[in-house]
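Take a look at the structure below.
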């Protein structure tokens with residue numbers, strides 16, 4: 001009997017003990033009927049904003065569990081993120097722009113549309129550090145709705161825009177950069193190269209430059225988030241969860257062909273919201289979302 005138990009311990013996956021998923025929790029489908037959901041982010045109250053990119057809409061899933069449309073048309077927005085003042089930033093893929101949206105008035109400001117006089121390839125995901133500086137990825141995914149020429153930039157890169165100052169390309173060594181997220185203290189940035197199935201970790205300098213690029217894990221990601229324990233959440237086929245040292249500690253299976261993105265939300269910030277395929281899902285967690293997502 002002892003040898004049988006020992007064999008089970010050797011062959012069973014040792015993930016559950018470290019998992020931040022609440023015991024017994026499973027993904028719940030909250031809403032469906034979209035074309036492709038993306039870009040979830042959370043406001044100060046816990047309401048989750050996300051995009052249905054092909055339908056050109058930004059939706060809200062409220063803390064009361066109600067769905068509404070926030071903005072339509074929405075620039076074919078992909079990644080979203082709130083700043084400290086409550087403005088919603090968006091990677092507006094329709095014309096390869098970076099937007100800032102006043103949530104109260106829904107007024108759109110086009111912050112950026114070019115680098116070195118040329119169109120971006122297509123801003124995809126973004127993260128705002130505590131001082132208001134913006135990092136965003138610029139991969140290239142050819143869209144059938146674009147009225148433009150071929151890939152304009154010579155690098156598929158990560159850019160940084162300080163709150164006051166000029167745009168800088170901070171790393172261009174990627175096959176296809178996609179998801180990114182930073183730590184609440186503004187000192188560490190994670191960037192996924194989905195084209196090479198790798199995610200990297202950087203030290204953020206005061207001037208916004210990135211140093212000490214290190215391989216975090218052998219997995220790429222469409223979208224990313226963090227919890228307050230320092231765990232990193234990647235997406236693609238389900239949700240992959242890694243601890244702060246890059247060790248995989250769990251996988252949340254989602255019944256969709258592709259899982260695009262994730263964020264924490266809800267009143268207690270302990271619900272993981274998942275945009276996947278034509279639907280929006282939630283999973284109850286034992287950890288909270290990091291302060292900035």
Checklist entry - Here are 211, 163, 187: which of them is without any contact (Cβ under 8 Å) to a residue 40 or more places away in the chain, closer than 30 Å to residue 61 by Cβ and exposed (fewer than 15 other Cβ atoms within 10 Å of the Cβ)? => result 163
Checklist entry - Out of the residues in region 142-155 that are modelled with pLDDT of 95 or more and within 23 Å of the chain's Cα centre (by Cα), which is nearest to residue 93 (Cα to Cα)? => result 153
Item to check | Single match in 165, 122, 195 (criterion: under 18 Å from the mean Cα position of the chain (by Cα), at positive phi and part of a loop (DSSP other than H, G, I, E, B)) | outcome: 122
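Within region 225-249, which residues are in a strand (DSSP E or B), on the phi > 0 side of the Ramachandran plot and touching a residue at least 24 places away in the same chain (Cβ under 8 Å)? Outline the logic, then answer.
As a first pass, look at region 225-249 and keep what is in a strand (DSSP E or B): 225-227, 232-236, 238-242, 248-249.
Filter once more, keeping what is on the phi > 0 side of the Ramachandran plot: 236, 238.
Matches in region 225-249: 236 only.
Answer yes or no as to whether residue 151 is outside any strand (DSSP E or B), out of contact with any strand residue (DSSP E or B) (no Cβ under 7 Å at 6 or more places or on another chain) and surrounded by 12 or more Cβ atoms within 10 Å (Cβ to Cβ). So that I can check it myself, show each step before the final result.
Working: outside any strand (DSSP E or B): yes; out of contact with any strand residue (DSSP E or B) (no Cβ under 7 Å at 6 or more places or on another chain): yes; surrounded by 12 or more Cβ atoms within 10 Å (Cβ to Cβ): yes.
Yes: the conditions hold for residue 151.
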Checklist entry - Within the bounds of region 217-224, is there any residue that is within 16 Å of residue 242 (Cβ to Cβ), modelled with pLDDT of 95 or more and not in a loop (DSSP other than H, G, I, E, B)? => result yes
Item to check | Yes/no for residue 28 being over 21 Å from residue 236 (Cα atoms) and either in contact with a helix residue (DSSP H, G or I) (Cβ under 6 Å, 6 or more places away or on another chain) or touching a residue at least 60 places away in the same chain (Cβ under 8 Å) (or both) | outcome: no
Checklist entry - Is region 264-286 home to any residue that is surrounded by fewer than 22 Cβ atoms within 10 Å (Cβ to Cβ), over 21 Å from residue 60 (Cβ atoms) and more than 13 Å from the chain's Cα centre (by Cα)? => result yes
Checklist entry - Can you name the residue in region 63-78 that is surrounded by 15 or more Cβ atoms within 10 Å (Cβ to Cβ), assigned to a loop (DSSP other than H, G, I, E, B) and at negative phi and, of all such residues, is nearest to the chain's Cα centre (by Cα)? => result 74
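Can you find a residue that is modelled with pLDDT of 95 or more, in a loop (DSSP other than H, G, I, E, B) and over 25 Å from residue 221 (Cβ atoms) anywhere in region 46-60?
No: region 46-60 contains no residue that is modelled with pLDDT of 95 or more, in a loop (DSSP other than H, G, I, E, B) and over 25 Å from residue 221 (Cβ atoms).
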Checklist entry - Here are some conditions: (1) free of Cβ contacts under 8 Å to residues at least 60 places away in the same chain; (2) closer than 23 Å to residue 22 by Cα; (3) in a strand (DSSP E or B). Residue 256 meets all but one. Which one does it not meet? => result (3)
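The values are calculated or read from the model by the stated rules, or taken from the named source; none is laboratory data. Everything quoted here is computed from the prediction, not taken from an experiment. Glycine gets a Cβ as well: all are built from the backbone with ideal geometry, and neighbour counts include every protein chain shown.
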